[in-house]
Amino acid sequence: MKNRLAAAFLLAAIAAPAVAQSGIDPAQLTETVRTLASDQFQGRAPGTVGEERTIGYLIGRLQALGLEPAGTDGGWTQPVQLLHTRLGTPTTLAFDRKGTATPLAFGTDIYVSTLQPKEQAVVQNAPMVFVGYGVSAPERGWDDFKGQDLKGKVAVFLINDPDFVAAKGEDAFGKFGGRTMTYYGRWTYKFEEAARRGAVAALIVHDTDGVGYGWNVVKAPGGENYGLVMPPEKVTSLALQGWISGETATKLFAGAGQDLAKLRVAARRKDFRPVDLDTGFNAAIPVTQAVVQSQNVLAKISGTKRPDEVVMYGAHWDAYGAGAPDEKGRIYRAGANDDALGVAGLFEIARRFKAAPAPDRTIAFAFWTAEERGLLGSEAYAQNPIFPVEKTVANLGLDILQTAGRAKDVILVGKGQGSLEDDLARVAAAQGRTVSVESLPERGLFYRADHFSMAKRGVPVLLMMGIAGASDLVAGGKPAGQAWVDAYTGKCYHQACDAWDESWNLDGAVQDISLFYTIGDELARSAKWPGWKDGSEFKAIRDQSAASRK
């Protein structure tokens, strides 16, 4: 009988809401999410009435919490100018070999978009060059380009890293973390590298396993793209960037007397050299464009002893706005979880800090715009930071939290990158939890949230993202955690059904928000500087500014 009673008390303690210990209030989280995900905010798309209402709401909440403005010129916001482009129907879209054109079907054979502010995207018989994985990583002893001149040419890439499918004994094996994607594997890196080398277009061969999603996801934007407004001298050299289907790529290579399957293997060797595909690329596509005015919202709690050293929390306020009605007639893709819940978490963390003694270091709260358009708000901030990046202690990001209840573990995104993961494990242990590594590291989630804009500048980062793996739930274990991930990503991710639901159990979110509060609190009341681990592609960047932190 005694054992049964003890077990009952233990079960009750495990199942009890976490708010009593954490100070994070699920009722407050609920109220914030229900408000931001309501029709009043129209899906919170940048540059819309929904944005205007969202910015006003965020500022009002921050003022009520007693925070200080930390935006441009002492205000609450930082302006972000976005370039919005959309391709029309192509008048020309074809490969050309020795004067014979092979027409391409937009959305079937090829998918492209543009980030150039021009009325037409034009590529005139530009030579196509296969550059393997397109990786230039001197710190790993890897260079796919071998001095190849890409000016005025079309770079054709494979997706992911050279060692993604490498076998033991191959040169690439283990060079880039195996199945765990590095930034060199991301499509964004490949487009950036092509532009750095002066290419006129960049095309990636689609591979579902390598990128982590099917062709239907690739073509879903319908020729639309967003980027930051750039001065003329910094506009990308790429008139078009995008993907070619695996089937189309196989035919392209075969027509040039090349075997794509064999070249995939060759690209895993250090001595790989770019291959001229003996093919020209032609495109002429009308473009509609507009400049969208948007804003980041920034607030702070000033430090009392070292106010120039900053611990930063971040979440994105934007979602997808209006779309086609779903089966319930909902048109607003309001991102209740992605990322209204993250915004709610920041409010709760701020409330806790305001209720505690003033911190030694400044604590900043960033509410980013245009994350869903390519991490653009955080990138705009990182290019023009309010707080110097060399004195930014860490960036802690909340982007999608699991809503299925308390968990025995916490999911680590980006294993092996930085010392903050050790803090995560230690604080999780104090909660009675363990750390589980993200289940699909080849998807590169570490590079797909706003903290990454800061990581690129060397700032140590940590991301909480509920879809990174199956949580080991107190009720149901990992099978229940996987069922939640599958249901959310398979049905509601970026869709109208990412809406507040009364079935949500926020006890797990409370655990994760509390964990991030504790990590930030420790950093804000110490002289500790977290860092990057050996092997991280960001360590050398941070090391360059080490003298400023002595």
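For the reader, a short list of remarks on this structure follows.
- Considering the range 354-370, the residues that are among the small types (Gly, Ala, Ser) and not in a strand (DSSP E or B) include one that is surrounded by the most Cβ atoms within 10 Å (Cβ to Cβ), namely ALA370.
- Residue list for the range 374-391, filter: surrounded by fewer than 23 Cβ atoms within 10 Å (Cβ to Cβ) and either outside any helix (DSSP H, G or I) or not aliphatic (A, V, I, L, M) (or both): GLY374, LEU375, GLU379, GLN383, ASN384, PRO385, ILE386, PHE387, PRO388, GLU390, LYS391
- Condition check for GLN258: in contact (Cβ under 8 Å) with a residue 24 or more places away in the chain, over 22 Å from the mean Cα position of the chain (by Cα) and outside any helix (DSSP H, G or I): yes
- Options GLN148, GLN116; residue that is surrounded by fewer than 19 Cβ atoms within 10 Å (Cβ to Cβ) and in contact with a strand residue (DSSP E or B) (Cβ under 9 Å, 6 or more places away or on another chain): GLN148
- Hey, THR108 among the polar types (S, T, N, Q) and assigned to a loop (DSSP other than H, G, I, E, B) or not: yes
- Residue that is farthest from ASP512 (Cα to Cα) [pool: residues in the range 451-465 that are of a type outside the set (A, V, I, L, M) and open to solvent by less than 10 Å² (accessible area, probe 1.4 Å)]: GLY458
Here is a yes/no grid of residues against (1) under 13 Å from PHE95 (Cβ atoms); (2) within 30 Å of the chain's Cα centre (by Cα):
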| position | (1), (2) |
| --- | --- |
| VAL235 | no, yes |
| GLN241 | no, yes |
| ALA249 | yes, yes |
| PHE253 | yes, no |
| LYS270 | no, yes |
| GLY280 | yes, no |
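- Scan of the range 469-503 for residues that are in contact with a strand residue (DSSP E or B) (Cβ under 6 Å, 6 or more places away or on another chain) and free of Cβ contacts under 8 Å to residues at least 24 places away in the same chain, ordered by number: none
- Among the numbered conditions (1) part of a helix (DSSP H, G or I); (2) under 25 Å from the mean Cα position of the chain (by Cα), the only one that GLU31 does not meet is (2).
- Of all the numbered requirements in (1) open to solvent by 40 Å² or more (accessible area, probe 1.4 Å); (2) in contact (Cβ under 8 Å) with a residue 60 or more places away in the chain; (3) among the β-branched types (Val, Ile, Thr), VAL510 misses one, and that requirement is (1).
- Members of the range 39-75 that are on the phi < 0 side of the Ramachandran plot, open to solvent by 30 Å² or more (accessible area, probe 1.4 Å) and in contact (Cβ under 8 Å) with a residue 12 or more places away in the chain: ASP39, GLN40, THR48, ARG53, TYR57, ILE59, ARG61, LEU65, GLU68, PRO69, THR72
- Test: residue in the range 275-290 that is closer than 18 Å to GLY132 by Cβ, assigned to a helix (DSSP H, G or I) and either out of contact with any Lys or Arg (no Cβ under 9 Å at 6 or more places or on another chain) or at pLDDT below 95 (or both): no
- Qualifying residue in the range 199-206 (condition: surrounded by fewer than 21 Cβ atoms within 10 Å (Cβ to Cβ) and touching a residue at least 24 places away in the same chain (Cβ under 8 Å)): no
- Restricting GLY481, GLY490, GLY477, GLY535 to residues that are of a type outside the set (D, E, K, R), modelled with pLDDT of 95 or more and surrounded by fewer than 17 Cβ atoms within 10 Å (Cβ to Cβ) narrows the list to GLY477.
- For LEU375, the stated conditions hold: it is at positive phi, of a type outside the set (Val, Ile, Thr) and in contact (Cβ under 8 Å) with a residue 60 or more places away in the chain.
- Failed item in (1) surrounded by 12 or more Cβ atoms within 10 Å (Cβ to Cβ); (2) of a type outside the set (Lys, Arg); (3) at pLDDT below 95, with ALA20 passing the rest: (1)
- Scanning the range 76-100 for residues that are of a type in the set (Gly, Ala, Ser) and surrounded by 14 or more Cβ atoms within 10 Å (Cβ to Cβ) turns up just one, ALA94.
The values are calculated or read from the model by the stated rules, or taken from the named source; none is laboratory data. Not measured: the values here are computed from a predicted model. Because the Cβ atoms are built from the backbone with ideal geometry, glycine has one as well, and the counts that use them run over all protein chains shown. Protein only, heavy atoms only, side chains kept; ligands, DNA and RNA dropped before computing areas. Shrake-Rupley method; radii C 1.70, N 1.55, O 1.52, S 1.80 Å.
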